[in-house]
1. Which whole-number percent of Cα pairs in segment 2-377 have a distance greater than 41 Å?
2. Want the number for residue 332 to residue 88: 0.36 nm per residue separation, take away the alpha-carbon distance, what's left?
3. So for segment 207-326, what are the equivalent ellipsoid semi-axes in whole Å, largest first, each being the square root of 5 times an eigenvalue of the Cα gyration tensor?
4. Cα atoms only: what Rg and Dmax, in Å, come out for segment 1-138?
5. What is the gain in length, in nm to one decimal, between residue 120 and residue 3 on full extension, counting 0.36 nm per residue of separation less the C-alpha to C-alpha distance?
6. Hey, could you pull the Cα Rg and Dmax for segment 197-246, both in Å?
7. For labels at residue 131 and residue 206 in the simple 7 Å Cα→Cβ model, what's the distance in nm?
8. Find how much the distance from residue 79 to residue 292 grows on full extension, using 0.36 nm per residue of separation minus their present alpha carbon separation; answer in nm with one decimal.
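No lab work stands behind these numbers, since they all come straight from the coordinates. This is a predicted model, so every value here is computed, not measured. Every residue, glycine as well, gets a Cβ built from its backbone with ideal geometry; the counts of neighbours run over all protein chains shown.
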């Protein structure tokens, strides 16, 4: 199971690299339609070839295709947004994405998981998603991406941002890929597994904006440290939850509510040390680092669950978040924090988003910073 789950992130990472070139060659509509068609087909083939290696290949293909679909949709969204609406559009996009993930968990109780129905329904939903793109009368946007910064350059700018992204990739991938496996191992029913997995995303959605508000008003390293500690404590609750389903829901809510906003916090913190023109260029490297952690996350979680039993799922999350908190504390001793007035704006980004969405968040942060500088200059000119 851990290999099958990790395969998705292998494909997703590859798709994030290749999809932009595909769009430049044949356009948004063709790329979206072709990749969504592959997703729909693979979903139907899953119950036909119930073999772990066949599923691993299928997960690589689906990961690649979903990455391309996200790149297509997000670049179209960015083109349609104005400077004034970009932040709102990005926030709404992330909320809709989270609502879709949470609602999807309810499909588990619709039909027998060993049958075909639960594979047919998402296949149909993916097919229906063609309609808004294929029937749109809006001209397809021109596609361009910023030249990415090298990983060495990003590491030099923000060691905490890079290390944090790597660790967080493992945390998020374990939530995304292994939470349902954990639920099955401890004997939860289908409805309980659906609620347990949903708790991670509900926490992520509800706590994203409060933590974002705090991040614009204090040393982000301190907030990263505290948030990671709280997430690790939540994982500790999960380790010792025993048979308490309520405690598992609380643990999932706390872990999701802390770890998912950390993704946006790390991006915002890295932006604090970048020039405005370099923010979008750094997005590809940040996503790539996170993707490397995401590939390893399910593999490590699966190994720990074999060695320690089901609680190994929470052990891995606790260790990764504790390591992130410890490294944030260490970095606080290495250089002074920038003035709060000089920091970049926080923009919510989902760890499931493509480099395009991260780039949009970077552009929004840069535009907000530029607007603030212009406002201060205007106020200085009219001051007596």
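1. Of all Cα-Cα distances in segment 2-377, 10 percent exceed 41 Å.
2. So the chain would gain 84.6 nm between residue 332 and residue 88.
3. Value: 29, 18, 10 Å, ordered largest first.
4. Just the Cα atoms of segment 1-138 yield Rg and Dmax of 15.9, 50 Å.
5. That pair, residue 120 and residue 3, stretches by 39.8 nm at full extension.
6. Just the Cα atoms of segment 197-246 yield Rg and Dmax of 13.2, 40 Å.
7. With each label point 7 Å from Cα toward Cβ, the separation is 3.3 nm.
8. Between residue 79 and residue 292, full extension yields 73.8 nm more.
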